[in-house]
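Bear in mind these aren't lab numbers, they're just calculated from the coordinates by the rules spelled out. Predicted model, so just to flag it, every value in this text is computed and none were measured. Neighbour counts are summed over all protein chains in view; Cβ atoms, including those assigned to glycine, are modelled from backbone coordinates with ideal geometry.
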Amino acid sequence: MKGIHNARLVSVADLLAMTIEVRTNRLSVAVINLAGRLTAGIAAACFHDQVDELLRLNFTKIVLNMERLDLIDCAGIGQIVNCLCKVRTQGGGLRLVHVDRRFRELLALLNLASVLEIFESEQAAVSSLIGIDTDAPMPEEPLGTEETCSCASKDPATSGPNKRMLLELNT
């Protein structure tokens, strides 16, 4: 294409992709790094499956690192609340870290800010879960491999009668 420089093509699958990376330690703490879009469909299902697998392996203390999360919809919020309920049922806890200002505001509007504990640093979140000071060891042993969830279908948020609310983060 003449006259266009540094153009980048982005597929629908790229726009809807979410990456989940999990790190664990010997203290039953798992840190889930979320990147991309936690929305209805494959991304929410991947997140749900990952949490179930961690709980099956007795990792009942979970930190969700949301630093690289670009977008979340009501299904994504529902999965986070579902995760909280599951870990509490098993005697564990859930902490959120690096939460965007807009997502904090949404949590307040939904009356979830008092239910979901938010921390500024991963170290503080991990320490709160294991009940010791901030000199706690950081998660270092990988669990499985990095998993990328993506959807190749149309984004229902921008087409058709099934439009849903999306929250763009870091804007």
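A cut-off under 9 angstrom between Cβ atoms defines the neighbours of Ile32, and their net charge, with Lys, Arg +1 and Asp, Glu -1, is 0.
Please order Cys85, Cys74, Cys46 by the number of other Cβ within 10 Å, starting at the fewest. All intermediate terms of the calculation are to be shown ahead of the outcome.
On the way: Cys85 11, Cys74 16, Cys46 19.
Neighbour counts put them in this order, fewest first: Cys85, Cys74, Cys46.
For Ala113, the shell of other residues with beta-carbons less than 10 Å away shows a net charge of -1, using +1 for Lys and Arg and -1 for Asp and Glu.
Available extension along the chain between Arg68 and Val115 is 14.7 nm, counting 0.36 nm per residue and deducting the alpha carbon span.
Assuming 0.36 nm per residue, please report the length gained on full extension of the stretch Ile42 to Arg104 beyond their Cα-Cα distance. Spell out each step's value before the answer.
Working: separation 62, 0.36 × 62 = 22.32 nm, distance 2.43 nm.
Between Ile42 and Arg104, full extension yields 19.9 nm more.
Taking Cα centre as origin and charging only the Cβ of basic (Lys, Arg, +1) and acidic (Asp, Glu, -1) residues, the dipole magnitude of segment 38-127 rounds to 240 debye. Per-residue Karplus couplings for segment 76-84, computed as 6.51 cos²θ - 1.76 cosθ + 1.60 with θ equal to phi - 60°, are listed in order as x, 4, x, 5, 5, 5, 4, 4, 4 Hz, Gly and Pro entered as x. A simple packing score, the average count of other Cβ atoms within 10 Å per residue, orders the peptides 54-62, 115-123 as 54-62, 115-123, with the highest score first. With θ taken as phi - 60° and the Karplus curve 6.51 cos²θ - 1.76 cosθ + 1.60 applied, the whole-hertz 3J(HN,Hα) list for segment 86-101 is 5, 5, 5, 4, 9, x, x, x, 10, 10, 10, 9, 6, 8, 4, 4 Hz, x standing for glycine and proline.
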